[in-house]
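In what follows, a structure is listed as structure tokens, so that the remarks can point back to it.
The values are calculated or read from the model by the stated rules, or taken from the named source; none is laboratory data. Note that the structure is predicted; figures quoted are calculated from it, not measured. Counting neighbours? That spans all protein chains shown, and the Cβs are built from the backbone with ideal geometry, glycine included. The area values use the complete protein model at the heavy-atom level, side chains included, leaving out ligands, DNA and RNA. Shrake-Rupley method; radii C 1.70, N 1.55, O 1.52, S 1.80 Å.
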Amino acid sequence: MFCPRCGSEIKNNQKFCINCGYDLSEDVRELSNKNNIYKKSYYKEEKKSNINVDFNSIFNLIFKIIFALILLFVGLIGLKFISHYISNNNFNTDKSKYELYMEDPSSIPELVQPECVQDLVKNLKDVQNFLVLYLKYSQDSMEQKAKVFDNYRQQLLKIETFSNENLLKEDIKNSTPQTKKEFNKCASYYNKELAPVGLKIVSDTAYAKYYLKEDYRFTYKKFGQYVSSDMKAYLYLRAKHKDEFLENGGYLATTPKEMNKRISDYEKFLVNNPNFEKINEVKDYLYVYTFGYIFANDRQEMKAIRHNTFRKWDKKFIRQNKNSKLNPIFSKMVTSANGISSNQFDNLYPYEYEKMLESIRPINGELDDIFIDLRKELIKDISSVGYKYVYSQTEGMWTPFNDATKISKDSLLVANNEQGGFDVYNNKFKKTNQVINIQNNEQVILKRGQLLVYNPQCLQISKIDYSYGNFSVKILSSKEIRTYFPDVLIINVDNIGNSPVQVTKDKEKQSYMLISHAGSNFDGYILHSDIPLGQEELSNMFSINTIETVNVEWIPATGDGKQYFITFITNIKESTIQTDNSQNLQNNTTSNTNNNNQ
């Protein structure tokens with residue numbers, strides 16, 4: 001018991017607390033009874049169980065996990081929505097880019113001759129990106145798209161001829177590779193630069209010369225989904241068997257098993273795609289792989305393990321390809337101890353081929369513009385510009401502009417500007433700042449690949465000349481005019497005085513041209529003669545068809561002006577003319593008789 005006031009312990013028989021003197025007579029009895037009650041087991045305070053604590057923790061953990069899963073699910077839905085939005089946005093962006101190209105064909109990238117690897121990568125990347133847009137969004141036929149894509153692949157063959165002797169010649173902080181280790185170091189440097197455009201470098205047998213090679217996996221991945229199904233299958237075949245199959249010394253760089261599979265795949269492609277447009281290319285590859293596999297140095301050295309390995313896979317090829325036309329060759333290899341000769345191989349080889357793969361590579365390394373035809377068609381559709389002539393800077397020649405005109409990188413086009421001249425455009429049909437000024441009354445003619453300008457007022461003929469990147473109009477001399485009109489006799493009216501001038505003819509029909517280098521005004525001058533004169537392509541040209549003497553007056557139609565009198569005589573005898581005419585008549589009669597008999 002304890003004192004209710006001070007809490008000191010007291011005995012049951014005490015009436016007063018010895019510590020504080022509190023009267024315990026009544027309270028001690030009540031307190032004692034109360035304490036006895038609280039000592040009962042059902043009044044004892046229960047201890048907290050650890051089980052409840054663990055249950056709460058587990059519940060909280062499960063709640064957090066469920067909440068996290070809900071957040072994750074919501075996040076995935078949001079991510080899918082955002083991805084779909086971004087995808088659609090990219091689609092719209094790509095299509096918008098393509099439409100911008102169509103609105104401005106001059107912005108379509110052109111494949112140009114590179115001066116360094118960096119230039120090649122940048123230019124080729126632009127061309128490849130536009131090619132994807134064209135194949136994806138163009139409304140052209142599949143045949144036209146296939147043509148453009150084939151042009152691209154032909155240019156890749158030209159790019160593969162670039163080597164360290166022309167393009168790959170910059171300082172790479174390495175000496176010229178002479179060993180495989182040195183070449184691998186060089187290749188590691190270049191391949192980082194070339195990977196974005198699907199190129200890599202390979203070496204010759206001596207590791208001294210290295211050149212570019214197409215990465216077939218890149219081509220298939222970038223263009224496979226936009227080309228025809230058979231071309232896609234072919235690109236996949238090239239990507240699948242991308243590795244070089246021969247290494248230095250003529251040894252196999254791949255296993256006989258892989259070569260076995262490669263040959264089988266190419267033959268099956270030929271059987272399944274007989275109308276493939278590049279079927280000869282597939283045949284060439286099949287020939288190269290089969291020939292290289294049969295005559296690999298591993299097989300020719302007749303090592304026991306190697307020979308047994310080849311025989312094993314040759315037998316397996318026959319079993320797995322029972323309908324193969326190549327089985328006679330593989331059967332010969334299985335039964336022959338010393339292999340077969342190249343002549344025997346050619347006799348047994350079942351596919352016709354016209355050229356080895358290397359022979360289809362373009363000899364000319366100059367790159368062509370693969371989109372030039374597309375650009376020309378777009379210009380025709382969206383432009384009101386009437387192109388007249390095309391000038392080749394390399395050849396120094398003019399040609400008329402039409403659908404068949406070939407536009408090269410050095411081509412310049414001219415179109416009437418309706419202001420007395422021509423505007424000059426580059427090979428991308430983009431207008432330059434150059435203008436060829438020509439007077440309204442002047443006549444432009446094309447002679448022997450050159451553009452001439454005839455001024456009827458001054459009787460002068462000029463040539464549109466190109467030098468140092470600019471066009472100019474140069475007046476031609478009498479000698480220069482004869483190079484373009486060799487059958488025309490030229491008369492310089494500046495040398496004709498007051499008295500008539502006599503001109504001797506040496507044949508019955510002769511053409512003449514009146515010219516002037518003094519720049520006089522001959523506007524309104526007309527010709528009068530004893531007989532009708534033949535009119536030629538220019539107003540200052542005429543012809544006389546007679547052996548008789550002809551008097552010609554060239555005088556102003558109105559007003560005062562200098563008059564010109566010319567007498568044309570001939571030194572041809574009349575008997576000679578008659579003989580020639582009789583001979584011609586006889587020849588014509590004989591020809592007609594023969595035709596009737598036939």
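Only one of Ile547, Ile526, Ile569, Ile555 is assigned to a loop (DSSP other than H, G, I, E, B) and either in contact with a strand residue (DSSP E or B) (Cβ under 8 Å, 6 or more places away or on another chain) or without any contact (Cβ under 8 Å) to a residue 12 or more places away in the chain (or both). Can you tell me which?
Details: Ile526 fails: assigned to a loop (DSSP other than H, G, I, E, B); Ile569 fails: assigned to a loop (DSSP other than H, G, I, E, B); Ile555 fails: assigned to a loop (DSSP other than H, G, I, E, B).
Selected residue: Ile547, the only one of Ile547, Ile526, Ile569, Ile555 that is assigned to a loop (DSSP other than H, G, I, E, B) and either in contact with a strand residue (DSSP E or B) (Cβ under 8 Å, 6 or more places away or on another chain) or without any contact (Cβ under 8 Å) to a residue 12 or more places away in the chain (or both).
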Residues being surrounded by 17 or more Cβ atoms within 10 Å (Cβ to Cβ) and more than 30 Å from Arg361 (Cα to Cα) - total across region 274-310:
2
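Taking the residues in region 427-459 that are closer than 24 Å to Ile370 by Cβ and in contact (Cβ under 8 Å) with a residue 60 or more places away in the chain as candidates, determine which candidate is most open to solvent (accessible area, probe 1.4 Å). Step through it out loud before you land on a result.
Going through region 427-459, the residues closer than 24 Å to Ile370 by Cβ turn out to be 427-432.
Next cut, in contact (Cβ under 8 Å) with a residue 60 or more places away in the chain only: 427-430.
On the way: Asn427: 16, Lys428: 51, Phe429: 12, Lys430: 111 Å².
Ranking the qualifying residues of region 427-459, first place goes to Lys430.
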Quick one: Ser341 ticks every box in (1) modelled with pLDDT of 90 or more; (2) open to solvent by 20 Å² or more (accessible area, probe 1.4 Å); (3) among the polar types (S, T, N, Q) except a single one, so which number is it?
(1)
Region 122-147, residues that are touching a residue at least 60 places away in the same chain (Cβ under 8 Å) and crowded, with 17+ Cβ neighbours inside 10 Å
Leu124, Val127, Gln128, Phe130, Leu131, Tyr134, Leu135, Lys145, Ala146
Name the pairs whose Cβ atoms lie under 9 Å apart, with the first residue in region 63-78 and in contact (Cβ under 8 Å) with a residue 24 or more places away in the chain and in a helix (DSSP H, G or I), the second loosely packed, with under 10 Cβ neighbours inside 10 Å and among the aromatic types (Phe, Trp, Tyr), and 6 or more positions between them or separate chains?
none
Checking Ser462 against (1) without any contact (Cβ under 8 Å) to a residue 24 or more places away in the chain; (2) part of a strand (DSSP E or B); (3) open to solvent by 30 Å² or more (accessible area, probe 1.4 Å), which single condition isn't satisfied?
(3)
For residues that are under 26 Å from Leu156 (Cα atoms) and open to solvent by less than 70 Å² (accessible area, probe 1.4 Å), scanning just region 374-408, find the one that is farthest from the chain's Cα centre (by Cα).
Ser392
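Per-residue answers, yes or no, for (1) at pLDDT 85 or above; (2) within 14 Å of Ser163 (Cα to Cα); (3) out of contact with any helix residue (DSSP H, G or I) (no Cβ under 9 Å at 6 or more places or on another chain); (4) of a type outside the set (A, V, I, L, M):
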position	(1), (2), (3), (4)
Tyr216	yes, no, no, yes
Gln225	yes, no, no, yes
Glu244	yes, no, yes, yes
Gly249	no, no, no, yes
Only one of Ser324, Ser384, Ser408 is of a type in the set (Gly, Ala, Ser), assigned to a loop (DSSP other than H, G, I, E, B) and touching a residue at least 60 places away in the same chain (Cβ under 8 Å). Can you tell me which?
Ser324
